[in-house]
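In what follows, a structure is listed as structure tokens, so that the remarks can point back to it.
Nothing in this text is a laboratory measurement; each read-out follows from the coordinates by a stated rule. Please read all numbers here as calculations on a predicted model, not as lab measurements. All Cβ positions, even for glycine, are placed from backbone atoms using ideal geometry, and neighbour counts span all protein chains on display.
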Amino acid sequence: MDKLISLAHPLIITKFPVFLKYITENRRDICKKYYPQILLSGISSLLLTPFVCAESLLCRKAVKNTSVKSPLFVLGHWRCGTTLLYFLLAQDKQFGFVDPMMTFTMNFYHLLGWLFKPTIVAHLHEGRPMDNIKYSMSLPIEEYIAFSTMESDSVYPLNFFPQAFLRYNKNAFVGQFPEGKRENWKKSYDYFLRKVTYLNGGKPLLLKSPDNTARVRFLKETYPDAKFVNIYRDPYTVIRSTMHLYDKMMSHWSLEEIPPVETMEDWIIETFKMMYEAYFKEIQDLPSNSLFEIKFEEFEKDPLPILKNMYETLEL
């Protein structure tokens with residue numbers, strides 16, 4: 001971390017049981033200088049627990065009675081241009097998505113969202129660490145950030161605990177989970193998407209998390225009317241840019257020593273390979289109107305004709 005203590009660290013708003021699991025699993029690699037951040041995050045997480053429980057009770061019936069209808073998943077490895085595509089598609093008012101308020105207050109949205117809003121606004125104005133893109137409260141954010149605050153089997157915590165990079169990246173491959181773990185993950189993810197749908201007034205969801213690229217079959221089985229748009233880019237550019245991404249993100253959030261550049265490069269390449277092996281295998285059985293693929297280099301030059309073709313192909 002570039003600061004010893006950050007009030008914006010995601011662990012601060014993580015459910016307490018999930019926080020405890022993160023810390024116990026990674027306790028041997030956490031640097032002592034970040035113990036104050038751990039203490040602050042733990043106290044915050046514990047103090048928020050009554051509100052998390054009350055929020056769950058408050059929303060239980062509404063979320064249970066909400067269904068996830070025709071979600072559109074934006075796929076693609078990190079740094080493939082998914083954010084550009086995501087931002088453009090989010091201009092279509094037929095879709096709901098995970099906005100910054102949901103991202104950082106999902107576990108207590110109704111009860112304490114107002115309290116956290118000033119901190120969220122200030123954090124967004126700082127821009128993304130990896131590319132300085134400025135967010136606003138109306139723009140979409142990857143759902144796996146919010147999901148990692150309520151479910152420990154997520155990919156995002158590798159930014160906090162980079163020594164466990166490969167272990168957390170395995171959480172992208174839900175289809176390879178043991179049956180019991182897979183069902184528990186499915187239950188958590190479905191509850192999460194139901195709540196996001198509820199908070200968006202029942203709209204179909206637009207979702208973008210790079211790890212979804214490795215779980216297409218699982219998502220299609222869980223949501224049969226789901227649609228997918230995959231954006232791809234020159235692999236060499238993607239790998240270089242992903243290394244920059246993790247260098248910035250881990251410098252910003254990591255509670256451990258960051259692995260050497262050579263090690264990170266090997267891990268990123270291995271993850272890239274595994275992700276696309278899974279992707280190409282799992283798209284084989286998709287109907288033609290369920291998947292659309294976009295080459296980033298062409299999309300960046302002239303997006304509108306490609307978007308038009310995408311809407312027609314996916315029958316949006």
**OP:** Using a 10 angstrom cutoff on alpha carbons, build the Gaussian network for the chain and name the most mobile of 142, 293, 221.
**Re:** 221
Original post:
Leaving out same-chain residues fewer than 8 places away, which lysines sit with a Cα under 22 Å from that of residue 33?
Top reply: 3, 21, 248
Original post:
From the residues 40, 279, 161, which one has its Cα farthest along the dipole of the chain in the positive direction, the dipole being from +1 and -1 charges on Cβ of Lys/Arg and Asp/Glu about the Cα centre?
Top reply: 40
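In the structure displayed, which of 187/220; 93/186; 227/308 lie more than 19 Å apart, Cα to Cα? Don't jump to the answer; show the numbers that get you there.
On the way: 187/220 15 Å; 93/186 27 Å; 227/308 15 Å.
Pairs exceeding the cut-off: 93/186.
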Original post:
Once label points are set 7 Å from the Cα along Cα→Cβ at both residue 247 and residue 64, what is their separation, rounded to one decimal in nm?
Top reply: 5.1 nm
Original post:
When the chain is modelled as a GNM with alpha-carbon springs shorter than 10 Å, which of 227, 21, 301 fluctuates the most?
Top reply: 301
Original post:
For the range 185-316, what's the radius of gyration and Dmax over Cα atoms, in angstrom?
Top reply: 17.2, 48
Original post:
Counting DSSP beta bridges in the range 10-314, what percent are antiparallel, to the nearest 5?
Top reply: 5 percent
**OP:** Please give every one of the aspartates and glutamates within straight-line cross-link reach of residue 32, meaning a C-alpha to C-alpha distance under 20 Å, and leave out same-chain neighbours fewer than 8 residues apart.
**Re:** 2, 256, 257
Subject >> Structure-derived semi-axes √(5λ) of the Cα gyration tensor in Å - corresponding label in [x] 39, 24, 18; [y] 36, 20, 17; [z] 29, 24, 19 >> reply: [z]
Subject >> Under-5 Å amide H pairs with residue 294, H placed in peptide plane, nonlocal only >> reply: 230, 231, 232
